[in-house]
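The structure under discussion appears below in the form of C-alpha cells.
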Amino acid sequence: MKNQEDKFKKVISHAKEYGYVFQSSEIYDGLSAVYDYAQNGVELKKNIREYWWKAMVQMHENIVGLDAAIFMHPTTWKASGHVDAFNDPLIDNKDSKKRYRADVLIEDYAEKINLKAQKEIKKAAKRFGESFNKDEFISTNPRVVKYFSKRDEVLSRMGRSLENEDLADIKNLIEELEIACPVSGSRNWTDVKQFNLMFGTKIGASAETAMDLYLRPETAQGIFVNFANVQKTGRMKIPFGIAQTGKAFRNEIVARQFIFRMREFEQMEMQFFVRPGEELKWYEHWKEERLKWHLSLGLGKDNYRFHDHDKLAHYANAAADIEFNFPFGFKELEGIHSRTDFDLKAHEEHSGKKLQFFDHELNKSYVPYVVETSIGLDRMFLAVFATSLQNEVLEDGSERIVLKLPSVLAPTKAAILPLIKKDGLPEIARKIINELKFDFNVSYDEKDAIGRRYRRQDAVGTPFCITVDHDTKNDNTVTIRHRDTMQQERVKISELKNIISNNVSIGNWLQKM
Ligand code: ATP
C-alpha cells in the first residue's frame, strides 16, 4: 500500500514538473478535482483522442462523428433519467467529517478480500511450480474459496440493495463489515443519502426569462437526440455508430485521485445502433474490439481486466468495465454498456418525435437498440502516463527516470541537439527542425552537456534524440538515440523523416490491432 502511494505521488509530481498536468487556478490554491493540461499534457491528450477517433471513425465505414453542444434542452435530462436517478449514495464519517461514496467503501472492502485470495494463489503457484493447476486450486483451496465467496456475497448484496434503493441496508452492510473511516479509523457513520451529481446553471439575460440548464453529465445524450438527423443525412443503415469526444461535468462526492475522478472531464463515447435482439452479440463484439485497442498500445496485457457489473444502471441489460491497474489498484477505465432502446424510447416519449429506423430487409420500423463504449480521456491519460513512468537502474549502477510513452502518443517525437553551441552545429540542427516540423512535433535543446539533455528528454518522454556533431558537417549524418533502449545509430539526415514516421505513425500502430 505504502509503495503504491509513493508511486502515485511520484506520478503526480512528475506530471507537474514536466509540464503535463497542473492543478486548476493553482495561484488561488487550486480548485478541488479540477485540473489543467500543460504544454506537454495537452499534446498527449490530443494524441490519445486522435488515436481513439481514428480507430473508431476512420477505421469503420459505418461509424461517423459528431460534436454536440454541452448545453442541451433541459428535458433531455428528464428523459434520460438523470434528473431522477443520477445519484450517488453518500455517507459521512462523524469524527473525521470526511464524505465517502458508500458503494466505493464497500467495493474497496471487497477488493481487499480479493487481494488476499490473489496472494494465496501467488504463494501456491510459487510452491507448486510447474505442476500448479490454478483453476483447481481456486475451486478447492478452502481459504481461497472462502475469500471469493465472501467477496461475491458482499458485492451482490450491495448490487441488490442499490437496485432496490434500500439505503438503510447499504449502511447495515458497512456496519456489519466493520468498515472504518480511513482517516479517523472510527465506525461512526451517518445514514446513507442520495446526492444528484449534475451541475445546474442558467441561460438567459433576465431573472424572469432565464431557463434552468444542466452541464451535461455525459456526452451520450447529444448522440441520442441527433440520432434521426445523422441517420437521415448520412443515409446510415443499421448497424451503425456515432462517435463523439467532449467535456462532461459531474459534481463528484469524493475527489481525491488526481485526474482519475474530476468534476470536469472529457469522454470519448460511441453509440452503436443495432437491431433489437442483436444487442448482446454486438456487446460482446465491442468488448473484444475495445480491449484490442487498449492492447495495441503495449501497456501490458496483465494491466487490464473485465469486470461485469453487479448493479445494472436503469437503462442497461448488460454492462462491463474494462478495468486498468492504476497506481492505486484496478479501477474502471472504460465502460461497455448494452443500453437497450431505453434512451431513444424515452426521447420519443418526451419529444413526441419518432426516433426509429425503417429496416428494408425486415420491412418494418423499430427503435434501435444501443451498445455504448464509453471511455474517460483523462483516465486513459492517467493509465498511459502512470504506466510509462519508470525508474531504471542502468548497467553502471546509475538511475534514470524515463517516461516510456507509446511513441505514437508522445507529445514531442524528436529532440534535435547540437553537440556544442558553436562551429555551425546549431544552424544544422535548426535546418533539420525546419524539415521535420511539417510532419512531427520536434524540439530544440542546446543547454547543458549532451548526457543531461538525453536524461531530460527521457523524463519528458521524447522517443528520439538526434544529435548533430562535427562529423555531420562532412557526411550529413547524425546520431539518433532511442529512448527505451538508449541505443544509438548513425544515420543520414535524409533518412530521419522515414525512421521517425515508421515508428510513430498512427496507421502502423493501429495495424497492431
Ligand atoms: P465511476 O464508477 O468510476 O464513477 P461511472 O461508472 O460513473 O464511473 P460512466 O458513467 O460509465 O462512469 O462513464 C464512462 C467513463 O467516463 C468512465 O469509464 C470513466 O473513464 C469516465 N469518467 C466517469 N466519471 C469520471 C470522472 N469524474 N472523472 C474522470 N473520468 C470519469
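From the list TYR20, TYR28, TYR51, which residue is of a type in the set (Ser, Thr, Tyr), in contact with a His (Cβ under 8 Å, 6 or more places away or on another chain) and in the same structural domain as ALA316 (by TED's automatic domain parsing)?
Matching residue, one of TYR20, TYR28, TYR51: TYR20.
Does ILE138 meet the test of being farther than 24 Å from LEU312 by Cα and open to solvent by less than 80 Å² (accessible area, probe 1.4 Å)? Here the answer is yes, as ILE138 does meet what is asked. Taken together, the residues in the stretch 84-114 that are farther than 26 Å from ASP308 by Cα and in contact (Cβ under 8 Å) with a residue 40 or more places away in the chain amount to 7. Scoring MET270 on the criteria (1) modelled with pLDDT of 95 or more; (2) within 10 Å of the ligand (Cβ to nearest atom) leaves a single failure, condition (2).
Restricting attention to the stretch 399-419, the residues being surrounded by fewer than 22 Cβ atoms within 10 Å (Cβ to Cβ) and either without any contact (Cβ under 8 Å) to a residue 24 or more places away in the chain or in a strand (DSSP E or B) (or both) number 4.
ASP6 - would you say it is in the same structural domain as GLU218 (by TED's automatic domain parsing) and open to solvent by 70 Å² or more (accessible area, probe 1.4 Å)? Criteria not met by ASP6. Here the stretch 294-330 is the region considered, the condition is being more than 12 Å from the ligand (Cβ to nearest atom), of a type in the set (Gly, Ala, Ser) and assigned to a loop (DSSP other than H, G, I, E, B), and the residue that is most open to solvent (accessible area, probe 1.4 Å) is GLY298.
Which of the residues spanning the stretch 331-378 are open to solvent by less than 60 Å² (accessible area, probe 1.4 Å), touching an Asp or Glu at 6+ places or on another chain (Cβ under 8 Å) and among the charged types (D, E, K, R)? Matches in the stretch 331-378: LYS331, GLU334, ARG339, GLU372, ASP378. Could you tell me whether any residue of the stretch 273-284 is open to solvent by less than 20 Å² (accessible area, probe 1.4 Å), within 14 Å of the ligand (Cβ to nearest atom) and modelled with pLDDT of 95 or more? Checked against the condition, which is being open to solvent by less than 20 Å² (accessible area, probe 1.4 Å), within 14 Å of the ligand (Cβ to nearest atom) and modelled with pLDDT of 95 or more, the stretch 273-284 yields no hits at all.
Let's see how each residue does on (1) in contact with a strand residue (DSSP E or B) (Cβ under 9 Å, 6 or more places away or on another chain); (2) more than 16 Å from the ligand (Cβ to nearest atom); (3) among the acidic types (Asp, Glu):
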site: THR140; (1), (2), (3): no, yes, no
site: LEU167; (1), (2), (3): yes, yes, no
site: GLU178; (1), (2), (3): no, yes, yes
site: SER186; (1), (2), (3): yes, yes, no
site: TRP189; (1), (2), (3): yes, yes, no
site: GLY204; (1), (2), (3): yes, yes, no
site: PHE224; (1), (2), (3): yes, no, no
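Only one entry of ILE174, ILE203, ILE238 meets the criterion of being touching a residue at least 12 places away in the same chain (Cβ under 8 Å), among the hydrophobic types (A, V, I, L, M, F, W, C), more than 27 Å from VAL21 (Cα to Cα) and not assigned by TED's automatic domain parsing to the domain that holds LYS16, and that entry is ILE174. Note on the stretch 338-398: enclosed strands (runs of 3 or more DSSP E) holding 1 or more residues that are under 30 Å from the mean Cα position of the chain (by Cα) and more than 16 Å from the ligand (Cβ to nearest atom) are 369-376, 389-393. Only one of the listed residues (ASP95, ASP67, ASP88, ASP6) is acidic (Asp, Glu), assigned to a loop (DSSP other than H, G, I, E, B) and within 29 Å of ALA180 (Cβ to Cβ). That residue is ASP95. If you go through the stretch 201-217 and pick out every residue that is closer than 16 Å to SER80 by Cα and either surrounded by fewer than 20 Cβ atoms within 10 Å (Cβ to Cβ) or modelled with pLDDT under 95 (or both), you end up with 2. The set of residues in the stretch 235-251 being near the ligand (Cβ under 10 Å from one of its atoms) and either among the hydroxyl-bearing types (Ser, Thr, Tyr) or crowded, with 19+ Cβ neighbours inside 10 Å (or both) consists of ALA248, PHE249, ARG250. The selection criterion, being under 26 Å from ALA38 (Cα atoms), of a type in the set (Ser, Thr, Tyr) and outside the structural domain of TRP293 (by TED's automatic domain parsing), does not hold for SER398. Filtering the stretch 53-98 to residues that are in contact with an Asp or Glu (Cβ under 8 Å, 6 or more places away or on another chain) and among the small types (Gly, Ala, Ser) leaves ALA79, SER80. Regarding ILE48, is this residue more than 30 Å from GLY185 (Cα to Cα) and either at pLDDT 95 or above or of a type in the set (Asp, Glu) (or both)? Against the criterion (more than 30 Å from GLY185 (Cα to Cα) and either at pLDDT 95 or above or of a type in the set (Asp, Glu) (or both)), ILE48 qualifies. Condition (residue is assigned to a loop (DSSP other than H, G, I, E, B) and either surrounded by 13 or more Cβ atoms within 10 Å (Cβ to Cβ) or of a type in the set (Phe, Trp, Tyr) (or both)) applied to the stretch 144-163: is it met by at least one residue? No - not one qualifying residue is present in the stretch 144-163.
Yes/no matrix, rows are residues, columns are (1) at pLDDT 95 or above; (2) over 30 Å from VAL370 (Cα atoms); (3) surrounded by fewer than 19 Cβ atoms within 10 Å (Cβ to Cβ):
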{"position": "PHE86", "(1), (2), (3)": "no, no, no"}
{"position": "PRO89", "(1), (2), (3)": "no, no, no"}
{"position": "ILE106", "(1), (2), (3)": "yes, yes, no"}
{"position": "LYS112", "(1), (2), (3)": "no, yes, yes"}
{"position": "ALA180", "(1), (2), (3)": "yes, yes, yes"}
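The values are calculated or read from the model by the stated rules, or taken from the named source; none is laboratory data. Only a predicted model underlies this, so the values are computations on that prediction, with no experimental measurement involved. Every residue, glycine as well, gets a Cβ built from its backbone with ideal geometry; the counts of neighbours run over all protein chains shown. What goes into the accessible areas is simple: the full protein's heavy atoms, side chains included, and nothing from ligands, DNA or RNA. Shrake-Rupley method; radii C 1.70, N 1.55, O 1.52, S 1.80 Å.
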